[in-house]
Amino acid sequence: MHTIRYIMVGGFLGAGKTTTLARLARHYSDQGKNVGVVTNDQASDLVDTNTFRSQGFDVGEVAGACFCCNFDELMSTIEALGEDQRPDVILAEPVGSCTDLVATVIQPIKRLFEARFQIAPYTVILKPSHGRRVLRGETGSGFSPKAAYILVKQLEEADAILVNRIDELSDEQVEELVELVSRRCPGVPVIRMSARTGEGVDQLVALLDQDGDFGRRVLDIDYDTYAEGEAELGWLNSSLHVAADESFDLDDLLLDVVTRLGEILGERDAETAHLKVIGLWEGFFGVANLVSSENAPELSLSSNCQVKTIDLIVNARVACDPEWLKEVVHKEVNAAVGARGAVAEFRQTQSFRPGRPVPTHRFDDSPGE
């Protein structure tokens, strides 16, 4: 029977999951393997899905709930990816505010679909900006203790932890993060990595190619704290069309939108978990993002395009009221677009706080125990 290698990479919002999975997708594709990618969000219009598709990958999206709460759709999405060509590898990117994925996703796959899947080590990416503050126990981490609880629990269930963005850190900062992680999760392998430059990705691939009984670190978790922490985040997905009479620089617009939003959020002390904007035009695309209050906005993927019309998608995960977030996004996007003599037509905006997670399945022990 054909078996699928199931690789799930977790981590907090803005940790670098999409960039990491894109590198892994290219690696396995270059090896001649058929690769499917499954993205996940609490709503539709996901920047990550469009980013993967724009890079030519076969992508399915589980929208409206996390993998754990929509397990059946996760499995049907994987099935749909295999209708034309059976995948050898499935790369799964869960919602960045979710945890307890070993008990609610990996263990159910192992128990219910054992013959169809090989489970790779479950890796979790540590986001340096928020991770450093949370693991130090700083009161000014940007999030409440309940939201920080989620980040810590994500690390505790990992088979391996990736300290990402090392290209942005000094050697001392990297070593401090490794020490903080090792103190919190003793005995768990730690890989130093930059998904952007590729440093450390070979070690990640070697880890993921290992065979063994992975996904066994089932959490002792308080779902009340988990749910309240997740609900503190305002969630927004917005899609719009932009049109102008004269050409403008797409990358400049994307960076301007993120910069304007970052400034307003900073003035209100509304901590950004992740803010992403993608612009799409005739097969070309660019992406800008902001991952925390202590980071600068960046153009993570350049389009190098002059355009008159684009489709724009904004995803924002911020510790603030979602209705206020919606007003700010509409206002600042319109301002950035108007500065280029263009007009924005908002097609859909979803803004809300995530509801309480209710997993489809939860196995709180490993088979045979």
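The values are calculated or read from the model by the stated rules, or taken from the named source; none is laboratory data. What you see is a predicted model; the values in this text were computed from it and never measured. Here the Cβ positions follow ideal geometry from the backbone for every residue, glycine too, while neighbour counts run over all protein chains shown.
Report yes if Leu151 is in contact with a Cys (Cβ under 7 Å, 6 or more places away or on another chain) and assigned to a helix (DSSP H, G or I), otherwise no. Spell out the reasoning first.
Details: in contact with a Cys (Cβ under 7 Å, 6 or more places away or on another chain): no; assigned to a helix (DSSP H, G or I): yes.
Against the criterion (in contact with a Cys (Cβ under 7 Å, 6 or more places away or on another chain) and assigned to a helix (DSSP H, G or I)), Leu151 does not qualify.
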Could you list, in sequence order, all residues of the stretch 232-251 that are under 24 Å from Val318 (Cα atoms) and part of a strand (DSSP E or B)? Gly234, Trp235, Leu236, Asn237, Ser238, Ser239, Leu240, His241
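With respect to Asn289, determine if the residue is of a type in the set (S, T, N, Q), within 24 Å of Ala22 (Cβ to Cβ) and surrounded by 22 or more Cβ atoms within 10 Å (Cβ to Cβ). Don't jump to the end; show me each part of the working.
Numbers: of a type in the set (S, T, N, Q): yes; within 24 Å of Ala22 (Cβ to Cβ): yes; surrounded by 22 or more Cβ atoms within 10 Å (Cβ to Cβ): yes.
It is true that Asn289 is of a type in the set (S, T, N, Q), within 24 Å of Ala22 (Cβ to Cβ) and surrounded by 22 or more Cβ atoms within 10 Å (Cβ to Cβ).
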Output the qualifying pairs, or none if there are none: Cβ atoms under 7 angstrom, residues six or more apart or on different chains, first residue in the stretch 111-136 and closer than 17 Å to Val190 by Cα, second residue crowded, with 19+ Cβ neighbours inside 10 Å and of a type in the set (Asp, Glu). Pro121/Asp159; Tyr122/Asp159; Thr123/Asp159
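How many residues does the stretch 47-69 contain that are among the polar types (S, T, N, Q) and either touching a Phe, Trp or Tyr at 6+ places or on another chain (Cβ under 6 Å) or over 14 Å from Leu91 (Cβ atoms) (or both)? Outline the logic, then answer.
In the first step, residues of the stretch 47-69 are kept if they are among the polar types (S, T, N, Q); the result is 49-51, 54-55.
Subset that is either touching a Phe, Trp or Tyr at 6+ places or on another chain (Cβ under 6 Å) or over 14 Å from Leu91 (Cβ atoms) (or both): 50, 54.
Counting residues in the stretch 47-69 that are among the polar types (S, T, N, Q) and either touching a Phe, Trp or Tyr at 6+ places or on another chain (Cβ under 6 Å) or over 14 Å from Leu91 (Cβ atoms) (or both) gives 2.
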By residue number, the members of the stretch 351-363 that are in contact with a strand residue (DSSP E or B) (Cβ under 7 Å, 6 or more places away or on another chain) and surrounded by fewer than 18 Cβ atoms within 10 Å (Cβ to Cβ) are Phe352, Arg353
Mind checking which pairs have a first residue in the stretch 202-222 that is in the same structural domain as Ile90 (by TED's automatic domain parsing) and a second that is surrounded by fewer than 12 Cβ atoms within 10 Å (Cβ to Cβ) and assigned to a loop (DSSP other than H, G, I, E, B), Cβ under 8 Å, 6 or more apart or different chains? Val218/Asp365
Looking only at residues that are among the basic types (Lys, Arg) and more than 18 Å from Thr51 (Cβ to Cβ) in the stretch 223-277, which one is modelled with the highest pLDDT? Arg260
For the stretch 245-267, which positions are in contact with a helix residue (DSSP H, G or I) (Cβ under 8 Å, 6 or more places away or on another chain) and over 17 Å from Asn304 (Cα atoms)? Arg260, Leu261, Ile264, Leu265
Residue match in the stretch 164-182 (condition: farther than 20 Å from Leu290 by Cα, part of a loop (DSSP other than H, G, I, E, B) and in contact with a helix residue (DSSP H, G or I) (Cβ under 7 Å, 6 or more places away or on another chain)): no
Which ones in the stretch 183-203 are within 16 Å of Arg23 (Cα to Cα) and not in a helix (DSSP H, G or I)? Ile191, Arg192, Met193, Ser194, Ala195, Arg196, Thr197, Gly198, Glu199, Gly200
Which residue pairs have Cβ atoms under 6 Å apart, sit 6 or more places apart or on different chains, and have a first residue in the stretch 51-80 that is without any contact (Cβ under 8 Å) to a residue 24 or more places away in the chain and a second that is acidic (Asp, Glu)? Ala63/Asp41
Condition set exposed (fewer than 13 other Cβ atoms within 10 Å of the Cβ) and among the charged types (D, E, K, R), scope the stretch 180-231, selection nearest to Lys127 (Cα to Cα): answer is Arg183
Quick one: what pairs do we get from the stretch 308-325, first residue under 13 Å from Ala270 (Cα atoms), second of a type in the set (Asp, Glu), C-beta under 8 Å, 6+ apart or different chains? Val318/Glu271; Ala319/Glu232; Ala319/Glu271
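Enumerate the helices (runs of 4 or more DSSP H) found wholly within the stretch 1-95, keeping only those where 3 or more residues are in contact with an Asp or Glu (Cβ under 7 Å, 6 or more places away or on another chain). Please lay out each step first, then the result.
On the way: elements: 17-30, 47-54, 71-81.
Here the list reads 17-30.
One line per residue, one yes/no per condition, for (1) touching a Ser or Thr at 6+ places or on another chain (Cβ under 8 Å); (2) within 22 Å of Val291 (Cβ to Cβ); (3) crowded, with 21+ Cβ neighbours inside 10 Å; (4) at pLDDT 95 or above:
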residue	(1), (2), (3), (4)
His27	no, no, no, yes
Gln31	no, no, no, yes
Val38	yes, no, yes, yes
Gly64	yes, no, no, no
Asp72	yes, no, no, yes
Arg86	no, no, no, no
Val89	no, no, yes, yes
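Which one of these is buried (at least 16 other Cβ atoms within 10 Å of the Cβ) and in contact (Cβ under 8 Å) with a residue 60 or more places away in the chain: Leu151, Leu177, Leu169?
Result of the check over Leu151, Leu177, Leu169: Leu151.
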